[in-house]
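Working notes, structure below.
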Amino acid sequence: MTELDIGSPAPAHTVTLDDGSLFDLAVLYAKGPTLVYFYPKSGTPGCTRQACNIRDNFAALAASGLQVIGVSRDSVAAQTGFRAKQRLPFRLVADRNGELGERFGVPRPTGNGYARQSFLVVGGTIAWLQRRAKPDSQAEDALAALESFVAGK
């Protein structure tokens with residue numbers, strides 16, 4: 001497994017969403033800047049704080065044009081339940097086989113759950129990443145990264 005760096009092409013991969021449907025991430029990337037965030041396990045305290053931080057700041061994220069997708073190795077049923085319980089306005093990926101995490105180079109320090117990492121994809125390329133994403137400021141960190149990227153163009 002190779003970690004991605006800024007400037008690396010973002011993995012365009014077909015994933016399974018929380019409703020069981022298949023979705024090509026390249027379609028999402030083509031629509032605009034995308035935050036792809038990996039988390040260890042749905043429903044755990046840190047993962048809930050991270051998802052809720054994004055939910056609570058979703059209007060600002062959307063206003064900036066930033067799309068969001070969360071990824072864990074949880075089942076479709078677990079992702080569906082987590083999304084419904086926390087009223088998340090963004091989709092979750094059930095990466096049961098670990099393929100997407102492998103392509104992004106996200107480690108699994110607990111054996112099965114992903115390390116908490118975040119990637120900002122702009123134009124199909126990694127524009128920013130956080131190898132130790134912060135649950136309580138995930139949305140703010142991503143917005144600041146997007147603003148910095150846009151300002152640097």
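Read-outs throughout are calculated quantities, based only on the coordinates presented, and are distinct from any laboratory measurement. Keep in mind that what you see is a predicted model, and the values were worked out from it rather than measured. As a convention, Cβ positions derive from the backbone with ideal geometry for all residues, glycine included, and neighbour counts pool all protein chains shown.
For the reader, a short list of remarks on this structure follows.
- Across all C-alpha atoms in the chain, the radius of gyration and Dmax reach 13.9, 41 Å.
- Estimated 222 nm signal from helices in the chain, with DSSP H stretches of n ≥ 4 weighted -39500 (n - 2.57), rounded to 500: -10500 deg cm²/dmol
- Considering only Leu143, Leu129, Ala84, the residue lying farthest towards the positive end of the dipole of the chain is Ala84, judged by Cα position with unit charges set on Cβ.
- Stokes-Einstein D (µm²/s) once Rh is taken as the Kirkwood radius of the range 33-109 over alpha-carbon pairs, at 20 °C in 1.002 mPa s: 169 µm²/s
- Check: the range 14-151 dipole with +1 on Lys, Arg Cβ and -1 on Asp, Glu Cβ, in debye: 320 debye
- For the range 14-151, the relative contact order is 32 percent, taking Cα pairs closer than 8 Å that sit 6 or more residues apart in sequence and dividing their mean separation by the residue count.
- Ranked by how many other beta carbons lie within 10 Å on average, peptides 5-12, 131-138 from highest: 131-138, 5-12
- The range 1-57: chymotrypsin sites (Phe, Trp or Tyr not before Pro) in DSSP coil with no more than 16 other Cβ atoms inside 10 Å: none
- Between the range 2-17 and the range 107-153, the alpha-carbon centres lie 12 Å apart.
- Anisotropy class of the range 95-142 from Cα gyration tensor, a/c 1.5 cut: oblate
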